[in-house]
There are 2 protein chains.
Amino acid sequence: MRQPDHPAIDTVQLTEVLAALADPVRLSLVATLADGGARTCGEFDLPVAKSTLSHHMKVLREAGILTSRVEGTRCFVALRPELEDRFPGLLGRILALAAPPLTG
Amino acid sequence: MRQPDHPAIDTVQLTEVLAALADPVRLSLVATLADGGARTCGEFDLPVAKSTLSHHMKVLREAGILTSRVEGTRCFVALRPELEDRFPGLLGRILALAAPPLTG
DNA sequence: TTTCATGTTCGTCGAACATCGAACATGGTG
DNA sequence: CACCATGTTCGATGTTCGACGAACATGAAA
């Protein structure tokens, strides 16, 4: 598996970030990552097929919200720290208002 | 023209608000209203047809972001104050990070 | 090497969305 | 009343989105 591309943080648009977060599955994903830790895709227990999960990861990655790093056969994801530089306080505010992560 | 319906603020979902703001035209609309004043739809100088503008107003209204009030043949819109109760700090943070309103 | 685990990519589907112009409704104005 | 201004609603069009399963790629384990 090739390492995935990440956009330069300066090119990320606010509306793109908002659109990425305007989905319950993705918002739940991000909420789970809010502790700053990294996780593999498989650790998320969400009611979607793995291809769908992969799609959501891609959307979040392309919106500058998370980073993926391939390690062996697994893929670690985590929040992207530069997002805070680009849009200070945005993610924190949204996550503070979001419901706790979905499980199941 | 009948007065338009507004959703109870408690029923508004965060993802719905984010989705409504995840559009450049709508975000620009909201940014223009950020001073708290009311405006008629016609005052917005945006590069869309008036039917499209009307549609965007409806989306923002149904997301609890703005209120419409019909007066004679005109329609006054303004930010909806209760949104701040429902999602404190959200709109302020987003607008602080948004580019200034489009013109033209 | 064969097998398994983990993700990604691809093709497809229906639903939702953004946009437009036309038609309509309503209310002032002359 | 006829006319104009202001918006809304409707129908059509094309695009994007979220979802799925199948197929593929990769690396680890047996």
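Bear in mind that the values in this text are calculations on the coordinates, not laboratory data. Quantities reported herein were computed from a predicted structural model and do not represent experimental measurements. Glycine gets a Cβ as well: all are built from the backbone with ideal geometry, and neighbour counts include every protein chain shown.
Overview of values
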| quantity | calculated |
| --- | --- |
| Local electrostatic count at A:LEU97 - Lys and Arg +1, Asp and Glu -1, tallied over other residues with Cβ under 14 Å | -1 |
| FRET efficiency for A:ARG69 and B:VAL70, using Cβ-Cβ distance with R0 set to 45 Å, rounded to 0.05 | 0.25 |
| Position A:GLY37, label points 7 Å along Cα→Cβ, spacing to each other copy in nm (shortest first, one decimal) | 5.1 |
| Translational diffusion coefficient (Stokes-Einstein; Kirkwood radius from C-alpha pairs) of chain B at 20 °C, 1.002 mPa s, in µm²/s | 156 |
| Local net charge near B:ILE9, Cβ-Cβ under 9 Å (Lys/Arg +1, Asp/Glu -1) | -1 |
| Gain upon complete extension [B:ASP35, B:LYS50; 0.36 nm per residue less C-alpha separation] | 3.1 nm |
| Karplus-derived 3J(HN,Hα), 6.51/-1.76/1.60, for each residue of region B:11-16, Hz, glycine and proline x | 8, 6, 9, 4, 4, 5 |
| Helix-only [θ]222 nm of the protein assembly as shown, DSSP H runs n ≥ 4, -39500 (n - 2.57) each, per residue, nearest 500 | -11500 deg cm²/dmol |
| Relative contact order (%) - region A:9-97, alpha-carbon pairs under 8 angstrom, separation at least six | 35 |
| Dipole moment magnitude, nearest 20 debye, chain A about Cα centre, only Lys, Arg, Asp, Glu C-beta charged | 240 |
| Contour excess over end-to-end distance, with Cα ends at A:ALA96 and A:HIS6 and 0.36 nm allotted per residue | 29.8 nm |
